[in-house]
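Student: Let me give you the structure first, and then I'll get to my questions.
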Amino acid sequence: MNRFEDKIAIVTGAASGIGRATADRLRSEGGTVVGIDRDPVDDVDLAIQLDLLDLDAIAPTVAQVVDAYGRIDVLCNIAGIGHFARDEDETPEAWNRVIGVNLTGTFFMSQACLPHLLESEGNIVNTASTAGTNAQPWSSVYSASKGGVIALTQTMAITNGRSGIRVNCIAPGGVETPIAGQFAVPEGIDLTIMDRILPFHRPAQPFELAAAFAFLASDDASYCNGIVLRVDGGMQA
Ligand SMILES: NC(=O)c1ccc[n+]([C@@H]2O[C@H](COP(=O)([O-])OP(=O)(O)OC[C@H]3O[C@@H](n4cnc5c(N)ncnc54)[C@H](O)[C@@H]3O)[C@@H](O)[C@H]2O)c1
C-alpha cells in the first residue's frame, strides 16, 4: 500500500511506543513524516524536539514544517503521559502536567495545523484511551484528559467537517510501551477494582495501533469523521 505517497504527516510522540510505530507505518506507505517529541526522534524525514507544555513553541514548530514541505496533510497527535494517583493525593502540578500534554497540547497542535489542513483537506487523528470511554480507577486526571480528547475530536470534526477536514480519535486499551512505567499503582488500593482495565486477552503491540492510525489518516477512512475507534482487543466489548 502507498496510501501516504506525496503526503506530509506530523506524528507527535514519535520517539517511542505507538507514535514511533505510527511514524514507521506511515513512512512504509510512502509518507513523508515529521516526528515531533520532547525526546530525540530517529528514522523520520524531519525530527523536531518540542515540549508540548511549551505552548509558545507550538506554532513556530508547525511553521518550520510548512517552511520545509509547503503543506501538511495529516496530524497524528500521539504524545501523552500517564498517571495514577489517589484522588486525595492528586496535586495541581500533576493535574496541570497531564492535562497540559494530553489535552492542551493536542488542541494547540491541531489549532496550529488547522489552516494547512484546510488547504490540503487533510485530517487529524488524536489519541484518547479506554480510560476516556469508560472508568479507569485511580486515574481521574488521565481519564479526564482522554475524555477531553474525545469531546475535542467530536467538536472539531463537526466544526470543520464541511470544510473537508476529518478529525477522529483512537482509544487504545493496554499497549506494551514504556508509558506503563508512569502508571505506578498507589499503595494499599483495592486491586479487585483494577480487573476492569486488564487486557481481555493480551496487551497490544504498538504496530497494531499504528495500523489503526494509518487507516484513519488515509483516504480509506474518507467517510469516518468524529469517531472514537476502540482498539482494545475486546476489553470493553
Ligand atoms: N500504552 C498504552 O497502554 C496506552 C493506552 C491508552 C492510550 N495510550 C496513549 O497513547 C499515546 C502514546 O503512548 P505510548 O503508550 O506510546 O507511550 P510512550 O511513553 O511510549 O510514548 C509517549 C511519547 O510522548 C512523548 N511525550 C511525552 N510528554 C511529552 C511532551 N511534553 N512533549 C512532547 N512529547 C512528549 C514521550 O517522549 C514519548 O515519546 C499516549 O497519548 C497515551 O496516553 C497508551
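Student: Could you please give the count of residues in segment 1-34 that are among the charged types (D, E, K, R), in contact with a Ser or Thr (Cβ under 9 Å, 6 or more places away or on another chain) and within 16 Å of the ligand (Cβ to nearest atom)?
Tutor: 1
Student: I would also like to ask the following. Applying the selection to segment 188-223, what residues are open to solvent by less than 30 Å² (accessible area, probe 1.4 Å) and over 30 Å from Asp87 (Cβ atoms)?
Tutor: So in segment 188-223, the residues open to solvent by less than 30 Å² (accessible area, probe 1.4 Å) come out as 189, 194, 204, 206, 209-210, 212-214, 216-218, 221.
Within segment 188-223, Pro206, Ala210, Ala212, Phe213, Ala214, Leu216, Ala217, Ser218, Ala221 meet the criteria.
Student: Output the residues belonging to segment 130-158 that are open to solvent by 10 Å² or more (accessible area, probe 1.4 Å) and in contact with a strand residue (DSSP E or B) (Cβ under 6 Å, 6 or more places away or on another chain).
Tutor: Across segment 130-158, the qualifying residues are Thr133, Ile150, Met156.
Student: What helices (runs of 4 or more DSSP H) completely inside segment 1-101 contain at least 3 residues that are buried (at least 22 other Cβ atoms within 10 Å of the Cβ) and within 18 Å of the chain's Cα centre (by Cα)?
Tutor: Values: elements: 17-28, 58-69, 92-99.
Correct list: 17-28.
Student: Next question. Would you point out which residue out of Asp43, Asp37 is within 11 Å of the ligand (Cβ to nearest atom), within 19 Å of Pro206 (Cβ to Cβ) and among the acidic types (Asp, Glu)?
Tutor: Details: Asp43 fails: within 11 Å of the ligand (Cβ to nearest atom).
Residue meeting the stated conditions: Asp37.
The values are calculated or read from the model by the stated rules, or taken from the named source; none is laboratory data. Note that this is a predicted model, so its numbers are computed, not measured. Every residue, glycine as well, gets a Cβ built from its backbone with ideal geometry; the counts of neighbours run over all protein chains shown. Remember, those area values only see protein heavy atoms, side chains included, never the ligands or the DNA or RNA. Shrake-Rupley method; radii C 1.70, N 1.55, O 1.52, S 1.80 Å.
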